[in-house]
Every structure is written in C-alpha cells, then in structure tokens.
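A.B. asks: Attaching a single structure in structure tokens format; questions to follow.
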Amino acid sequence: MKEVDHAIAFAFAPDGTGGPIPLAARLDQMSAPEGGFVWVHVNAGTEDGRDWLGHAGLDPLTLAAMTVQETRPRTTVHGDHVLVYFRGVNLNPGAEPEDMVSLRLYLTAPLVVTVELRDLVAVDDVVAALSHGPGPGSPGDLVARLAFRIAERADPVVAALNERIDDLEDEEIDLNAVISQRGELADIRRMAIMMRRYMFPQRDALSDLEIEQLPWLDARARGRIREATERVTRLAEELDAIRDRAQVVHDMIMDMRSEAMNRQMLLLSVVAAIFLPMSLITGLLGINVGGIPGAHSPVAFWVVCLLLVALGVLLGWLFRRLGLLRN
C-alpha cells in the first residue's frame, strides 16, 4: 500500500459493504450510511494532512490529542467519543522496528478518524484488504482489525529476536569473540526493552476499550478485541522472556570473563611465589660485602643455578599438590 498523501475516507454499511468516498472539507459534512459509519485516515506527517485536520471541525482538545508528538498506548473516554492510542513496529525502509510508530484513533458511532505521523504498515494492510473482501461493519470491528494487523506485523520482529537469543544461547561463548557477542546481546536487549515499553500499555488499552459500554461496540467486536488483547499479551510476555534470557546470557559471559581473569591472576601469583625465594637467594648472593660463599670458586655459579632450578621444581610440585596449578 502506498503511503497516504494526506487523507482518505471510506464509508461502510452495517454489512461491511462500501468503499472509498470523496473527502469532504469538514467531518460534519461527511454522512454515514444508515446504520454504518465513515472512516477517515489522515497522515498528519504531511502539510496537507495537518491543514485538513486543522479545518476538520475537531474541538481543540481532541485536535491537540490527535497531533501530539509523543504518545503511549491508552484508551480515554470523553463524553460521546473515545480516544485510543496504539503503537506498531516501524517497518519503513531504513527504520529500526523498535522505533514504534503511533496510531491515534478518534471513535464515535458514525465516525472513526485515525491519524498517523509516520507511515504505519499495519494500517496500509487494512486499507489494502478492503479491495479483497468485505469491510468492517462497525467502528469496533475496524479497531479490532487494526489491533490484529499491528500484532501480526510485530510477531515476525519478536520471532527474529527469539531466534537471535537462541543462537547466542546455543553458541559456545568464545572469550576471543566476547566483544561481538556482547554487542549482539546489547542490541537484542535494547530492542526487547523498547518494544516491551509499549506492548504492555497496548494490552491495557485494548482491555480498557473492551469493557467500555459503548453502543457501537457489539459482542462480535468485543470478542475480536479480546483476541487481539491475548495476541498482544503473548508478544509482551515473549519480550519479557527475551529480556530475561538476555540477562542470563550476559551473566554467563561475565562469569566466564571473571573466571578467566581469576585464572590469570592465580597464574601470576603462583609465578611470583615461585620466583620470590629465588630472588631472595640471588639478592643475598649479590650484596656487596665480604664472605659470600663460593666467591672464588669456578663452579659456584653452576651450583647456584642447579639449586635454583631444584627449588623451582620443588615449589612447582608443591603448588600442584595444593591444587594451585592445573593442567
């Protein structure tokens, strides 16, 4: 689906029939079919989209809520209309999936307005599906479709994170490649944390919408919203599990690094302990005073060397017996 230039409008009858209609200058100039509703989707990231929203007839509070830069998933009831905020994975070219795109919904019985600041592929999926089958029969049905497509688009991203953490868990930790492994692990944890930040609030937003007593929210739509809630809950729990598994792998890497460092420090300590008495002996023999044994003997140097070698072998055997040296 091509990115929306600024705004498109659809009209649906209660049986889901209908399709695109000309976009009026104001929302109050758009009439819904008998028992049906009108859906207007606006790209507020374009100048035309912002201009249309500014003149669409929304009250200032609603307009500000629909165009605010930063949003978190939630459901808010204001009199006879409902504001719902969703977040979907960013599948735009060159974007990072965890930089999740917001979708804002203004819901009433005869009218639904959805606003995006960046292209959300899940919305494009819903629009494209209208040409292959019946459309939504009610605003609740449309919300359920959008929630399902947002969850379906997030599913492969979460599955890819699972595969990446599986590969790290199955891979033997190599201390020579620990820097690249830690970089991969940090990227997985970052993505899981950023996506989880919105998944749990999105579950709560869907749950809050489901329990609201709204005339246009029929039993079928509630059931589909409930299924979408379960889908989002599963994704959020998988992200929780990925984050915890990443922490386990991180702990394993840190334990191996600590163990390798401890072995190196132990080796240095043993080497220092072996050479310490040798250094004491050679230091005593090298002091500049009279009476040094063997000072005038031609074989004294070799005798001292043999004694030092024997002392080193003895200390090495002793440390091995004590378990300080291992093969």
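The values are calculated or read from the model by the stated rules, or taken from the named source; none is laboratory data. The shown structure was predicted, so the numbers you read here are calculated from the model rather than taken from an experiment. Quick reminder, even Gly has a Cβ in these numbers, built from the backbone with ideal geometry, and neighbours come from all protein chains shown.
A.B. asks: Would you check if there is a residue in the stretch 98-106 being in contact (Cβ under 8 Å) with a residue 24 or more places away in the chain and more than 27 Å from the chain's Cα centre (by Cα)?
C.D. replies: Of the stretch 98-106, the ones in contact (Cβ under 8 Å) with a residue 24 or more places away in the chain are 98-100, 102-106.
This time we only want the ones that are more than 27 Å from the chain's Cα centre (by Cα), so: 106.
Checked the stretch 98-106: at least one residue is in contact (Cβ under 8 Å) with a residue 24 or more places away in the chain and more than 27 Å from the chain's Cα centre (by Cα).
A.B. asks: What are the residues in the stretch 45-54 that are at pLDDT 90 or above and not in a helix (DSSP H, G or I), if any?
C.D. replies: Within the stretch 45-54, no residue meets the criteria.
A.B. asks: Just one of MET199, MET191 is of a type outside the set (S, T, N, Q), within 18 Å of ARG74 (Cβ to Cβ) and in a helix (DSSP H, G or I); which is it? Can you show your working first?
C.D. replies: Details: MET191 fails: within 18 Å of ARG74 (Cβ to Cβ).
Testing whether each residue is of a type outside the set (S, T, N, Q), within 18 Å of ARG74 (Cβ to Cβ) and in a helix (DSSP H, G or I) leaves just MET199.
A.B. asks: Could you look through the stretch 14-53, keep only residues that are more than 40 Å from the chain's Cα centre (by Cα) and not aliphatic (A, V, I, L, M), and pick out the one that is farthest from ARG104 (Cα to Cα)?
C.D. replies: Going through the qualifying residues, I end up with GLU34.
A.B. asks: Then there is this: Give me the pairs, please: first residue somewhere in the stretch 140-162 and within 13 Å of VAL121 (Cβ to Cβ), second residue anywhere and surrounded by fewer than 24 Cβ atoms within 10 Å (Cβ to Cβ) and of a type in the set (D, E, K, R), beta-carbon distance under 7 Å, and either six or more positions apart or on two chains.
C.D. replies: Within 7 Å, the pairs are ARG149/ASP125; ALA151/ARG231.
A.B. asks: Also, I was wondering about something else. Can you tell me which residues in the stretch 58-69 are part of a loop (DSSP other than H, G, I, E, B) and under 22 Å from VAL143 (Cβ atoms)? It would help to see each step written out before you state the result.
C.D. replies: Going through the stretch 58-69, the residues part of a loop (DSSP other than H, G, I, E, B) turn out to be 58-59, 68-69.
Residues satisfying the conditions are LEU58, ASP59, VAL68.
A.B. asks: OK, next. What are the pairs, 6+ residues apart or on separate chains, where a residue within the stretch 1-25 that is charged (D, E, K, R) has its Cβ under 7 Å from a residue that is surrounded by fewer than 13 Cβ atoms within 10 Å (Cβ to Cβ) and modelled with pLDDT of 90 or more?
C.D. replies: Partner pairs satisfying both residue conditions: none exist.
A.B. asks: So is HIS41 of a type outside the set (Ser, Thr, Tyr) and either touching a residue at least 60 places away in the same chain (Cβ under 8 Å) or more than 23 Å from TYR85 (Cα to Cα) (or both) or not? Steps first, please.
C.D. replies: Values: of a type outside the set (Ser, Thr, Tyr): yes; either touching a residue at least 60 places away in the same chain (Cβ under 8 Å) or more than 23 Å from TYR85 (Cα to Cα) (or both): yes.
For HIS41, the condition - of a type outside the set (Ser, Thr, Tyr) and either touching a residue at least 60 places away in the same chain (Cβ under 8 Å) or more than 23 Å from TYR85 (Cα to Cα) (or both) - is met.
A.B. asks: Which number in (1) under 30 Å from ARG182 (Cβ atoms); (2) surrounded by 12 or more Cβ atoms within 10 Å (Cβ to Cβ) marks the one condition that GLY294 misses?
C.D. replies: (1)
Residues checked against (1) of a type outside the set (Val, Ile, Thr); (2) in a helix (DSSP H, G or I); (3) in the same structural domain as GLU169 (by TED's automatic domain parsing); (4) closer than 30 Å to ILE165 by Cα:
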{"site": "ARG234", "(1), (2), (3), (4)": "yes, yes, yes, yes"}
{"site": "ASP240", "(1), (2), (3), (4)": "yes, yes, yes, yes"}
{"site": "ALA272", "(1), (2), (3), (4)": "yes, yes, no, no"}
{"site": "PRO277", "(1), (2), (3), (4)": "yes, yes, no, no"}
{"site": "VAL289", "(1), (2), (3), (4)": "no, no, no, no"}
{"site": "ILE292", "(1), (2), (3), (4)": "no, no, no, no"}
{"site": "SER297", "(1), (2), (3), (4)": "yes, no, no, no"}
{"site": "PHE301", "(1), (2), (3), (4)": "yes, yes, no, no"}
{"site": "VAL304", "(1), (2), (3), (4)": "no, yes, no, no"}
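A.B. asks: OK, next. Could you list all residues from the stretch 230-249 that are touching a residue at least 40 places away in the same chain (Cβ under 8 Å) and buried (at least 17 other Cβ atoms within 10 Å of the Cβ)?
C.D. replies: Correct list: ARG231, VAL232, LEU235, ALA236, GLU238, LEU239, ILE242, ARG243, ARG245, ALA246, VAL249.
Here's the yes/no breakdown for (1) among the polar types (S, T, N, Q); (2) under 20 Å from ALA11 (Cβ atoms):
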| residue | (1), (2) |
| --- | --- |
| GLN69 | yes, no |
| THR108 | yes, yes |
| LEU117 | no, no |
| ALA128 | no, yes |
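A.B. asks: A follow-up question, please. Does ASP255 meet the test of being at pLDDT 85 or above and over 30 Å from THR108 (Cβ atoms)?
C.D. replies: Here the answer is no, as ASP255 does not meet what is asked.
A.B. asks: Next question. Can you name the residue in the stretch 233-266 that is within 26 Å of the chain's Cα centre (by Cα) and small (Gly, Ala, Ser) and is also nearest to ARG197 (Cα to Cα) among such residues?
C.D. replies: Here the answer is ALA236.
A.B. asks: Same structure, new question: So which residues in the stretch 202-223 are assigned to a helix (DSSP H, G or I) and surrounded by fewer than 20 Cβ atoms within 10 Å (Cβ to Cβ), if there are any at all? Walk me through how you get there before you give the answer.
C.D. replies: Going residue by residue through the stretch 202-223, those that are assigned to a helix (DSSP H, G or I) are 202-211, 219-223.
Hits for the stretch 202-223 are ASP204, SER207, ASP208, ILE211, ALA219, ARG220, ARG222, GLY223.
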